1. I need the phi-derived Karplus couplings for region 71-84: 6.51 cos²θ - 1.76 cosθ + 1.60, θ = phi - 60°, integer Hz, Gly and Pro marked x.
2. I need the calculated FRET efficiency for the pair Leu280 and Val435, taking r as the beta carbon distance and R₀ as 60 Å, to the nearest 0.05.
3. With each label point set 7 Å from Cα along the Cα-Cβ vector, what nm distance links His373 and Ser425?
4. Please list 3J(HN,Hα) in residue order for region 289-300, calculated via the Karplus relation 6.51 cos²θ - 1.76 cosθ + 1.60 where θ = phi - 60°; whole Hz, with x for glycine and proline.
5. Determine, from the Cβ-Cβ distance of Ala304 and Ser366 and an R0 of 41 Å, the FRET efficiency 1/(1 + (r/R0)^6), rounded to the nearest 0.05.
6. For region 271-331, what relative contact order do you get, as a whole percent, if you take Cα pairs closer than 8 Å and at least 6 residues apart?
7. Among the listed pairs Lys225/Lys267; Lys74/Lys225; Lys225/Lys285, give every one whose C-alpha distance is greater than 25 Å.
Amino acid sequence: MNPDTDISAQSITQVQTLLLLAERGEVFVTGLLRPWNAYQIGIALLIFATAHLAAHLLRPRLHEWMRSREGWPKWRIRILIIIHRRLRMVLFVCGIWLVVWIMREATWPSRSYLLGVVANLSTAWLFIAFATRLIGNPLIRTMARYGAWVWVTVSILGLEVETRDLLDSAAITFGETRLSLWLLVQAVALLALMIAAARLLATSSAASVRRNKDISPSMQVLVIKFLQVALYGAAFVIGLRMVGFDLTGLAFLSGAIGVGLGFGLQKVVSNLVSGIIILLDKSIKPGDVISLGETFGWINSLGARYVSVVTRDGKEYLIPNEDLITGQVVNWSHSNEFVRLDIYFGTAYGDDPHNVRRIAIEAAQSVDRVLTHPKLPVCHIVDFGDSSVDYILRFWIRDPTGGLTNIRGNVYLALWDAFQAHDISIPFPQREVRVLDKDVPALVD
């Protein structure tokens with residue numbers, strides 16, 4: 001078929017649809033000028049003004065009542081917050097349906113037809129506003145809300161056929177594929193719905209995996225990432241297939257993208273592969289305390305591209321996965337949670353070393369975080385120095401995330417107090433300075 005003929009046919013169809021919509025709009029506007037329709041519009045505006053005034057008066061009282069509801073479940077509080085934000089629309093819907101019911105009982109149905117349309121529209125808009133609050137992503141929530149409002153409005157006004165024809169007539173054709181605006185709208189709506197369902201399934205599955213204590217933390221992260229990729233990928237493919245989009249043309253495109261990724265995104269791909277290796281070999285996991293260069297902290301989360309490490313001063317370092325694979329990493333809690341710390345000190349030669357060792361061990365055991373079972377503190381002589389007998393005190397902790405400097409400081413303080421109580425001296429270098437008499441002649445080379 002000639003492409004020019006297709007373009008002409010599409011243009012004629014679009015013009016005919018626009019003329020039909022214009023005719024329907026003219027009939028609608030003309031109908032509004034009739035007396036029984038004009039007073040229905042006035043009644044709707046009066047109900048809206050009343051709802052606005054009532055909402056203005058009730059919002060502060062409802063807010064104070066909500067603040068006094070202590071101990072309520074979170075889902076109730078959230079519903080109350082949504083009602084508080086949409087109070088005007090809630091009052092308007094209740095009021096207009098009450099007026100419609102009274103008018104249908106008191107007069108002919110045609111005298112309340114327009115009010116019924118407004119009531120249906122406002123009810124549908126209110127329901128959509130409540131339903132879309134379940135969508136977590138703000139952008140998707142806004143798109144879904146306005147898209148649903150438009151479609152519901154078109155459906156209630158009886159313009160869905162004309163609107164669909166108009167959107168379908170706006171299309172472009174390349175090869176065997178015809179892409180219309182109607183197909184694009186369907187694809188966006190279905191993809192949003194499928195992605196929302198995939199997100200819900202991924203969240204519930206992740207919660208189930210985290211509750212399973214038989215799976216290690218690193219494998220939990222791997223399983224959750226795999227489920228997310230599989231669910232979102234399936235949602236994307238199924239959504240496109242449901243709207244009739246041909247995916248066979250994506251095979252060549254995916255190959256070209258793969259080649260481009262191989263050359264242009266080597267570091268990104270390397271970090272992704274390194275992340276999978278880290279999860280599989282279980283070398284590190286969330287909660288482990290690691291040291292990498294000058295960075296010391298515990299692993300907060302494992303990402304696809306980086307590992308989040310939080311230090312004691314509150315800084316969060318995003319370390320690429322490749323650095324953890326190729327660099328030397330000290331994992332303080334890899335095979336077990338016990339961490340040994342060493343402290344060096346010296347005492348005078350006049351102090352009994354047997355008593356010094358015993359007092360040092362007792363002092364270390366008096367500190368809260370120092371373990372006394374199954375690993376006990378030990379103290380050994382390591383050297384006879386120039387002015388002191390040198391010792392090493394070794395003790396164990398099982399919570400390195402609580403800090404290492406502070407526990408060393410507490411043990412040093414306990415040693416100081418114990419040595420002061422038992423009259424054990426800690427020697428330090430002393431120097432004697434003699435001042436020569438000024439009358440003594442200076443030495444000459």
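Every read-out reported here was derived from the displayed coordinates using simple, explicitly stated rules and does not represent laboratory data. In this text the structure is predicted, and so the values were computed from the model without any measurement. Cβ placement follows ideal geometry from the backbone for every residue including glycine, while neighbour counts extend to all protein chains displayed.
1. x, 6, x, 5, 5, 5, 4, 5, 4, 5, 5, 5, 5, 4
2. It comes to 0.25.
3. Using points 7 Å along Cα→Cβ, the separation is 4.1 nm.
4. Those phi angles translate into 9, 10, 10, 9, x, 8, 9, 10, x, 10, 6, 8 Hz.
5. Efficiency at R0 = 41 Å is approximately 0.35.
6. After rounding, I find 34 percent.
7. Lys74/Lys225
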